Amino acid sequence: MNIVFENLLFNGVFLAMAGAAVAALAGIGSAIGIGIAGQAAAGVISEDPKKFGQTLILQALPGTQGIYGLLIAFLIMTKIGLLGGDGLLDITMAQGAYIFASGIPVGLVGIFSGIAQGKSSAASIMLISKRPEELAKGMVYPAMVETYAVLALLISFLMLNGIQV
Amino acid sequence: MSIAKMKKLSVIGLVSNREELMEKLMTLGVVEITDQEDKLSDSQWHEMVARDSDEQTVAEFESQISRVSQALSVLEKYGTGKKPLLHTKKPITLREFQKALERKQQIEEKVAHINSLSARHAELTNSINKTQSLKLSLEPWIEYDVPLEEKETSTADIILGVVPSTVDALQFINELEEKVPESMAKLLKSDAEQHYIYVVCLKEKRDDADDVFRTYGFSKVHFGDMKGTVKENISALEKKVEELTAEKVQIEESIRGREGDSEDLELLYDKLVILRDKAAIRQNLLVTKKTFYMSGWLPAKAADKVSSLLEEVGCYYQIEDPEKGEETPVLLLNGGFSTPFEAITKLYALPDSRSIDATPFFSLSYAIFFGMMLGDAAYGVVLAVITGLVLKKYKLEGMKYQLIKMFFFCGISTAFWGAMFGGWFGDLVAVVGKTFFNADVSIPPIWFSPLDDPMKLLLFCFLLGGIHLFIGMGLNGWLSIKDGRPLDALFDVGLWYLLLISVTLLLVGIVPTVAKWMAIIGAVGIVLTGGRHKRGLGKVIGGFGSLYGITGYLSDVLSYSRLLALGLASSVIASVVNNMGSFGGPGIKGVILMAVAFIIGHTYNFAINGLGSFVHSCRLQYVEFFGKFYVSGGEAFQPFGENTKYVDILREEN
C-alpha cells in the first residue's frame, strides 16, 4: 500500500504537473485584484456611466498575472509532453522536482502582486473619477506593481527553459 | 524642433479698432492673449487703465449656448440617428456657414420648440410617476366598496386607517368592539408594513374609540376629495397613466421627427461659442477712454503674419524675445514621425518652457519597445491596417489623431519585430498545417525565435535599455552644459558613462585591464564629486551615497527585461490559443473549433497584450527615461481662436 502511494506521489511527472498547478495559482492574485478594481469601478460608474471604457482598462491591468501563470503552466505541460502529439515523456524525479521549482516564482509572486496591483488599480479608478484626463498616469501606477510579476515570469521561464528533459 | 520659440507681443490701439482686431486675431488663431491681473494690481498702471469687460454679453451668450446644447442633447437622447464611432468636425466654407446663420431666427425657434417638447416630456414623466404612486397607495383598499366621498352618516363616522404590522389587528378589532360596542371594524388587507382597517362608529362614542385608536397606533388615512369607490378610482388612474404614456410616446416621436434640425443647431452652437469667446476675451484687455492695451504670446514663426495684420488694422505694437529664464507657454513642434508621439509626452505632462521636449528622443524607442512587447507580425499588420483605415476615413485632430497615428507606427514596428521573431498569430501556420493537412510547414523567423534562445534576446533587451538610458543621461548632461554648468555634466554624466561602460566591459570580458582602470577612475571620481553640493562630513557620505546609486542603474537596466517577458507572453498565449483550436482534429468540427478559438482567443490576446505593451512602453519612457532628465510643468499654449465643436470653417486663401 505504502509503496504504491509513494510511487504515485513521488514521481517525475506528478512533480512537474504540481509545478504547472502552482504556476496557474497566479490566477488567484488576478481574480482578487480584478475583483477589488471592479468594486471601485462599479462605484465610479454609478456616478458617471460614460467612464465605463476607461475603468474597464484599469480593471483589466491586474489580469496579467493569471495569464503569466497560464503561460508557464502551458509551457510545463508542453515540456513534459502532456500537450502536443507525442504523449507523456519519461521524467525522472530530479527533473520533476526542478520543473516544480520553476513554477513557484510566477505562482507565488502572481498571487501577491495581483492583489497589490488590484488595490493600485482601484486607486487609479478613483483618480480618473475625478480627473479623467489623467488616465495615462493612472495606468502607470499599477504597471509599477506589475514589474515584479514580469520579473517572476522571466525567472520561471528561464528556469524552465534551462531544464533538459 | 521640439518646443516652439515664443515671442512676447504688446499692442496698443484705438478702441474703435478693437472689434476688427479681435475678429482678425481669432481667425488667425495664433496669439495667446494673457490675463492682465498683475498689471491691474500695479499702482502705476492702475491709475491709468481699467479692465475692459463685457460680462453682460458673455452671460447672454452663455445662456443661449446652454439652451442650444440642451436641445442638442435631447435630440441625441431620443434620436435614432447612429452616432459615428469617432466624432469629427464637419468642414464647411465660410460662405455656407454665414448663409446658414442668416436663418438664425428660425433656428432659434427650432431650439425653443425642441426645448418646450422636452419640458413637456419631463412634466409628463413626472405626472405619470405621481399617478402611479397614488394608484399604489389605493390598491390595498380595493375591497372597500363604499364610495370615498361617504365619510359619515347622520349618526356614524366612517374611518379608514392603518395599524403597523407589529400590532395584532384582530386584537385591535376585538378590543374596539368590546370597549365601544356601538362600533364595527373590518380588516381589509395586511402587508409587510401595515394592516388596512375600516371602522364604523357611532358619532357620540367617537371619543372612546379614539382612545383605543391611540393605544394601538391606529392612524387615519385621508383620500382628499376623491369620489366613487376605490375600484373606480383605480381604473380611472390606470386610464390616466395610459393617456399620459401615449402622449409621452407621441412627444418622443415628434422629437425624433426633429432630428434633421440637429445640423442647424450645431451651426448655431458653434457660432454662439465664437461670439461668446470674442466677448469673453475682452476680460484680458486694458482700456483707457479711447485706447486699449493687450499683451500675449505668439510662436516666433507667426511673427510676420501677426505684424502685417497689426499694421493693417493700425495698431502700435512690439514683438520681442522673452527675457532669459522667463516662462513662456509651451507649444510642441516636431517632425512627421515624432509628432504623434507628442501624445505620450502630453499624457505625462508638458515640458517646462526652459527645458527640452523629450518627444523626438523617445519616439523611435517607443515604437521599438511596443513592437517587441506585442511581438507578433500578424497583430502588427492588423493594428496598422485598422489605424490606417481610421486615419484615412476620419479627419481627426488633436490628441485623438496623434494617438491613432502613433499606434499606426507601433503597428508597423510590431509587424517588423514579429517577422524577426517568426510570430504570425503565434504558430498558427504550423498548427493548421499539422492538424488539417498533416504537413510540416512554418514561417521561419528572420532573426531567431526567442523561445529557442531567450538569453540572447534578454541580453539584446539589456543592450537596448542601456542605449536608452545613455541617451537620457546624455540629454541631462547637455542640459547642464546649456545652462552653463559643464562641470556638472562631466561629474554627473561623464563619470557615470565611464563607470557603466567599464563595468559592462568587465562583465563581457573585453579588454579587462583597461576596463578595470576605467572603472576605478569612474568610481573614485564619483565618490569625490558626488557630495560636492554638501558641507563637511556630508561631502564624504554624499560621495559614497552617489556611488551607491549604481544599484539604481542596475535595476533600470533589468527593467528592460519586460521587453522579453511580455513578448514571450503574447507569443506563447497565441500558441496556446492555436493549440486549443487544434484539439478538434481534422474534419469539419475541427475547422469550426479552430475558427472559434482563433477569433475569440486572438482577439483577447491582441487586446490584453496591446494594452500591456502600451502601458509598459509608457512606463519605460516615464520612469526609466524621463527620470534621467525631463523637467515638466509647462503651461500649454492656448491661442485665441475659433474653438468650434461641430464644424471646421474653411476660408479660401485670397
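Remarks
- Test result for A:Glu146, on the phi < 0 side of the Ramachandran plot, buried (at least 23 other Cβ atoms within 10 Å of the Cβ) and among the charged types (D, E, K, R): yes
- Test: residue in the stretch B:280-295 that is under 30 Å from B:Ser116 (Cα atoms), in the same structural domain as B:Ile114 (by TED's automatic domain parsing) and either touching a residue at least 40 places away in the same chain (Cβ under 8 Å) or surrounded by 15 or more Cβ atoms within 10 Å (Cβ to Cβ) (or both): yes
- Condition check for A:Phe14: in contact (Cβ under 8 Å) with a residue 24 or more places away in the chain, buried (at least 16 other Cβ atoms within 10 Å of the Cβ) and among the aromatic types (Phe, Trp, Tyr): yes
- Residue tally, condition more than 9 Å from chain B (Cβ to nearest Cβ), more than 14 Å from the chain's Cα centre (by Cα) and either among the hydrophobic types (A, V, I, L, M, F, W, C) or over 20 Å from A:Pro105 (Cβ atoms) (or both), over the stretch A:146-165: 4
- Residue pairs whose Cβ atoms lie under 6 Å apart, separated by 6 or more positions or on different chains, with the first residue in the stretch B:305-334 and surrounded by 19 or more Cβ atoms within 10 Å (Cβ to Cβ) and the second basic (Lys, Arg), are B:Leu309/B:Lys24.
- Taking helices (runs of 4 or more DSSP H) as the structural unit, those lying wholly within the stretch B:512-584 and holding at least 3 residues that are closer than 25 Å to B:Leu459 by Cβ and more than 13 Å from chain A (Cβ to nearest Cβ) correspond to B:512-529, B:550-559.
- Hits in the stretch B:24-58 - residues which are closer than 28 Å to B:Leu331 by Cβ, β-branched (Val, Ile, Thr) and in contact with a Leu (Cβ under 8 Å, 6 or more places away or on another chain): B:Val30, B:Val31, B:Ile33
- Of everything listed in (1) over 30 Å from A:Arg131 (Cα atoms); (2) surrounded by fewer than 19 Cβ atoms within 10 Å (Cβ to Cβ), the single unmet condition for B:Ala349 is (1).
- Every condition in (1) at pLDDT 90 or above; (2) more than 21 Å from the chain's Cα centre (by Cα); (3) over 21 Å from B:Ala569 (Cα atoms) is met by B:Gly426 except one, and the failing one is (3).
Matching residues to (1) surrounded by 14 or more Cβ atoms within 10 Å (Cβ to Cβ); (2) touching a helix residue (DSSP H, G or I) at 6+ places or on another chain (Cβ under 7 Å):
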{"position": "B:Val15", "(1), (2)": "yes, no"}
{"position": "B:Gln36", "(1), (2)": "yes, yes"}
{"position": "B:Ser41", "(1), (2)": "no, no"}
{"position": "B:Ser53", "(1), (2)": "yes, yes"}
{"position": "B:Glu76", "(1), (2)": "no, no"}
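- Looking across the stretch B:312-345 at every residue that is charged (D, E, K, R) and within 23 Å of B:Gly296 (Cα to Cα), the one that is nearest to the other protein chains (Cβ to nearest Cβ) is identified as B:Glu327.
- Lone unmet requirement of (1) within 12 Å of chain B (Cβ to nearest Cβ); (2) over 19 Å from the mean Cα position of the chain (by Cα); (3) part of a helix (DSSP H, G or I); (4) aliphatic (A, V, I, L, M) for A:Ile45: (1)
- Residue that is surrounded by the fewest Cβ atoms within 10 Å (Cβ to Cβ), among those in the stretch A:48-63 that are within 11 Å of chain B (Cβ to nearest Cβ) and of a type in the set (Gly, Ala, Ser): A:Ala60
- The set of residues in the stretch A:112-145 being at the interface with chain B (Cβ under 9 Å from one of its Cβ atoms) and in contact with a Ser or Thr (Cβ under 6 Å, 6 or more places away or on another chain) consists of A:Pro142 alone.
- Filtered residues of the stretch B:358-388 (kept if more than 30 Å from B:Leu451 (Cα to Cα), surrounded by fewer than 23 Cβ atoms within 10 Å (Cβ to Cβ) and not aromatic (Phe, Trp, Tyr)): B:Pro360, B:Gly388
- Taking the stretch B:593-625 as the range and being more than 8 Å from chain A (Cβ to nearest Cβ), crowded, with 24+ Cβ neighbours inside 10 Å and small (Gly, Ala, Ser) as the test, the residues that pass are B:Ser613, B:Ser617.
- Some residue of the stretch B:56-71 being part of a helix (DSSP H, G or I), modelled with pLDDT under 85 and among the aromatic types (Phe, Trp, Tyr): no
- Among the residues of this structure, B:Lys645 does not count as one that is exposed (fewer than 13 other Cβ atoms within 10 Å of the Cβ), more than 9 Å from every other protein chain (Cβ to nearest Cβ) and without any contact (Cβ under 8 Å) to a residue 24 or more places away in the chain.
- The set of residues in the stretch B:606-634 that are assigned to a helix (DSSP H, G or I) and more than 23 Å from the chain's Cα centre (by Cα) comprises B:Glu624, B:Phe625, B:Phe626, B:Gly627, B:Lys628, B:Phe629.
- Extreme residue, farthest from the other protein chains (Cβ to nearest Cβ), among residues of the stretch A:64-79 that are over 13 Å from A:Ala149 (Cα atoms) and crowded, with 24+ Cβ neighbours inside 10 Å: A:Ile76
The values are calculated or read from the model by the stated rules, or taken from the named source; none is laboratory data. Here the structure is a predicted model, which is why all the values come from computation and not from measurement. No Cβ is skipped: glycine too gets one built from the backbone with ideal geometry, and neighbour counts run over all protein chains shown.
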